[in-house]
Amino acid sequence: MVTEAYQDEFVGGHVWQVPIFLFREHDDVEKYLWALRYDPERVREIYGRHGTDFVAISLNNDREVVRVIAGEAKWRKSLTESTVAALLLGPKVRNEETGVLAHTGKGIWYELNRDTAIPHGLRQLQFVLEQRDREGHADIILSIDRAVLNLGPPPERTDLVIICGNGAAKRERADPLIAWEQPPSEYRAGRDLQIVEVILERGDVLIDALYASLWSTP
C-alpha cells in the first residue's frame, strides 16, 4: 500500500503495482482458520509471514516483470533509537568474556544481504495469481516462470524496508530514525534501496480497531 501510494517519491522512478497481496501464502493463518472452523474457542497462534513480507512488480509494455520490489516490514509500538537499531542490527547480547553488550548482526540488513536476487515472494505471487486469475495475468505468470528457470534476463530488484509504529515521546516532527544521506554500511546487497518510516499516533489503537472490524458480524 505504501509502495502504490508514494511511488513517485521512490528511488528509480519505477511504476509499481501490487496485483495481489501475499496473505494467502501464510501457513500459520491457514492452519489457525482451519482449526477455528471446528473449535471457535481456539486461542490464536499466528506468527509473522516467513520469507518475503511483501512484493510489488514493475512491468514493461509486454506485461513482463522487469523489476520487483521486496523486503522487510516491521511494526513496533514505540519507535525509539534503540528499538530501530535492534530491528536493523539484531538484538543485543552480552559477550560472556568481556561483558559488553553488542548487536548480534542478524537483523534486517543481515536478511536483505543474504536474500536471493529473485525473492521467494515473487514465486508465491505467481502461485496466488494462478489461483485467482490465470488468464488475466498470463503474461506476468509466464515472465516469472522464465526468470525462475533462467530462460531470460532476471528482473532487477529494489529492496524496501518499512518501519512502522508510534513515535517516541521526544521525537521531533519529520525526524528520521534511520540515516538517509548515505546508504548504511551494514547494507551490502548492492541493490537499489528504499527506506520508509511510518510514524503513527496511537497506532496500536488503530491496528486493534482494524483487526476487530475483520471479525465483527453485522
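Taking amide H as placed 1.01 Å from N in the peptide plane, the amide H of residue 54 sits under 5 Å from that of 71, each at least 5 places away or on another chain. Measuring between their Cα centroids, segment 150-215 and segment 82-117 lie 17 Å from each other.
Using 0.36 nm per residue and subtracting the Cα-Cα separation, the extra length available between residue 139 and residue 38 on full extension is 32.4 nm.
Stokes-Einstein at 4 °C, 1.567 mPa s, Kirkwood radius from Cα pairs: D for segment 177-218 in µm² s⁻¹? Reported coefficient: 93 µm²/s. Computed on segment 77-218, with alpha-carbon pairs under 8 angstrom and 6+ residues apart, the relative contact order is 26 percent. Excluding same-chain neighbours fewer than eight residues apart, the aspartates and glutamates reachable from residue 31 by a Cα-Cα span under 17 Å are 39, 41, 45.
About the Cα centre of the chain, what is the dipole size in debye to 20, counting +1 per Lys and Arg Cβ and -1 per Asp and Glu Cβ, all else neutral? Could the numbers behind the result be given before it?
Numbers: 26 positive and 35 negative charges, 79 e Å.
Roughly 380 debye for the chain.
If the segment from residue 117 to residue 212 were pulled out straight at 0.36 nm per residue, it would be longer than the present Cα-Cα gap by 30.5 nm.
Placing a label point 7 Å from the Cα of residue 100 along the Cα-to-Cβ direction, the residues of segment 148-190 with a backbone N closer than 20 Å are 185-186. Averaging over all projection directions, the Cα-based convex hull of segment 64-218 occupies 14.2 nm² in the image plane.
Radius of gyration (Cα atoms) of segment 157-206, expressed as a multiple of 2.2 N^0.38 Å: 1.34. Here's how it looks for residue 64: its modeled amide H is under 5 Å from none belonging to a residue 5 or more places away or on a different chain. Computed on protein heavy atoms with a 1.4 Å probe, the accessible areas place 128, 93, 198 in the order 93, 198, 128, largest first. Let me know the longest stretch in the chain that avoids all chymotrypsin sites (Phe, Trp or Tyr not before Pro) found in a DSSP loop with at most 14 other C-beta atoms within 10 Å. That would be 48-179.
Residue 103 contributes an accessible area of around 60 Å² to the protein surface, as traced by a 1.4 Å probe with all chains present.
The values are calculated or read from the model by the stated rules, or taken from the named source; none is laboratory data. Keep in mind the model is a prediction, meaning the values are calculated, not measured. Neighbour counts are summed over all protein chains in view; Cβ atoms, including those assigned to glycine, are modelled from backbone coordinates with ideal geometry. What goes into the accessible areas is simple: the full protein's heavy atoms, side chains included, and nothing from ligands, DNA or RNA. Shrake-Rupley method; radii C 1.70, N 1.55, O 1.52, S 1.80 Å.
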